[in-house]
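Visitor: Quick one: this structure, given as structure tokens, is what I'll be asking you about.
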Amino acid sequence: MSAITFGPPRPLTCAPGRAARELELKRGEFDLAVQLGRIRTVPDEGGGGGRRVERTEIDRLRAQDGFPGALRDRVRVVGTVEGAALMEIPAGRFTRLARLGLIVPAKWYLNRYRAVVWLYLAEELRDFTAAAENAHLLKGRTPETLRGQLEARVDLRARNWRGRHLGFLLRQAEDPWARAASLAALLAPAEIADVVEDPSERACLNRFRPAPPGQGAPGSPSAHLAERIMTAHDGDEIEWLRGELVRAVEEARTLTPAPRPAVRHAGPVVRAAARPIAPLTRTVTRATQPGRRPGPAVTARDAGAGQGRQRPTRGMRAWLRRRSTRQAPTGA
């Protein structure tokens, strides 16, 4: 009788859509809560690369004080005008603080004019306003060092968003190659090719590369703009990402080397034997007598020289008849 073994029971999980409904969140709020680490997810064991939420995690969030308002308020995002009103500062000062990197955007989208609209967590704006060390940034004249950066057209909103998004990608990565691919997702292809010279390792990075935020059809102007926001452009940011990518690839290479294509050994090439080319057919002509019309040319094949009996051609038969008529004896 064969022994039957039973593994530990799998935890009950919910799909993202159902989890959002049970947590009384909109789908956009749920996705942002996952990105911020406010809701823990696990890989989908059924395959497909998706994520699911354990039943215990849903119960934990529902048991918190102030549910669901408190959870919804933690993922509430506001734009520039609403954020400035929340901080009780002019919208222009709010934009300057965001460009200087003092306020980090949580997400973004493209409006109908293909302009980037940055959104900020209301919770973080309240914390920034309440901090005593930030009081001189909310009122009065902007410090000289910050004014110099503004005159140089410094804008760190996209860079700060990439840093926040990278943290989300690294938290979701379950494989060492997936962690390396999360870093590669913020670099241009030329930078990746310069750091990772092995084609097999680059193919592995592409396989685990996370998809960029969906902003339009592939190849559209919106998709190109989204790709630009996703890619690092500052020199120091690129150098930092390159260094981290080198370390991540070395770690992944040590734990699980990148799969390489199987080498196919080709068998010996069989060449057809060269065949001799038949010589051109030789033409034999008969010498003509003066005053006599030459007959048709006779070839070696027509005459059957050394080739056995051959049927005369039509031209040969006509020539033989004319010849026999001319040579027939006349009556005395």
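Visitor: What ³J(HN,Hα) values, in whole Hz, does the Karplus curve 6.51 cos²θ - 1.76 cosθ + 1.60 give for the range 101-108 when θ = phi - 60°, with x put for Gly and Pro?
Guide: For the range 101-108, the Karplus curve yields x, 7, 10, 9, x, 9, 7, 7 Hz.
Visitor: In sequence order, what are the phi-derived ³J(HN,Hα) couplings for the range 148-161 according to the Karplus relation 6.51 cos²θ - 1.76 cosθ + 1.60 with θ = phi - 60°, rounded to whole Hz, with x for glycine and proline?
Guide: x, 5, 5, 5, 7, 6, 6, 9, 9, 5, 5, 5, 5, 5
Visitor: Using Cα pairs under 8 angstrom and six or more residues apart, how large is the relative contact order of the range 3-133, in percent?
Guide: Once normalised by length, the contact order is 20 percent.
Visitor: For the range 111-179, which whole-number percentage of the solvent-accessible area (1.4 Å probe, protein heavy atoms only) is attributable to carbon and sulfur atoms?
Guide: 52
Visitor: Modelling each spin label as a point 7 Å along the Cα-to-Cβ direction, I'd like the ASN206/ARG228 distance in nm, to one decimal.
Guide: With each label placed 7 Å out from Cα toward Cβ, I get 2.5 nm.
Visitor: Leaving out ligands, DNA and RNA but keeping every protein chain, what accessible area does PHE128 have, in Å² rounded to the nearest 10, with a 1.4 Å probe?
Guide: 30
Visitor: Can you give the alpha-carbon Rg of the range 164-209 over 2.2 N^0.38 Å, where N counts its residues?
Guide: With N residues counted in the range 164-209, Rg over 2.2 N^0.38 Å equals 1.08.
Visitor: Go through LYS139, LYS107 and list them by solvent-accessible area, largest first, probe radius 1.4 Å.
Guide: Of LYS139, LYS107, the descending order of accessible area is LYS139, LYS107.
Visitor: Classify the range 46-91: rounded, prolate or oblate, from the alpha-carbon gyration tensor (a ≥ b ≥ c, eigenvalue square roots; a/c under 1.5 rounded; otherwise prolate if a/b is larger than b/c)?
Guide: oblate
Visitor: For the range 118-251, what class follows from the C-alpha gyration tensor (a ≥ b ≥ c being the square roots of its eigenvalues): rounded when a/c is under 1.5, otherwise prolate if a/b is larger than b/c, else oblate?
Guide: prolate
Visitor: In whole Å, what is the distance between the alpha-carbon centres of the range 31-67 and the range 199-213?
Guide: 26
Visitor: Taking a ≥ b ≥ c as the square roots of the Cα gyration tensor eigenvalues, with a/c under 1.5 meaning rounded and otherwise prolate when a/b beats b/c, else oblate, which class fits the range 127-192?
Guide: Taking the square roots of the gyration eigenvalues as a ≥ b ≥ c, the range 127-192 is oblate.
The values are calculated or read from the model by the stated rules, or taken from the named source; none is laboratory data. All values reported here derive from a predicted model rather than from experimental measurement. Please note: Cβ atoms are built from the backbone with ideal geometry, for glycine as well, and neighbour counts cover all protein chains shown. Heavy atoms of the whole protein, side chains included, go into the accessibility calculation; ligands, DNA and RNA do not. Shrake-Rupley method; radii C 1.70, N 1.55, O 1.52, S 1.80 Å.
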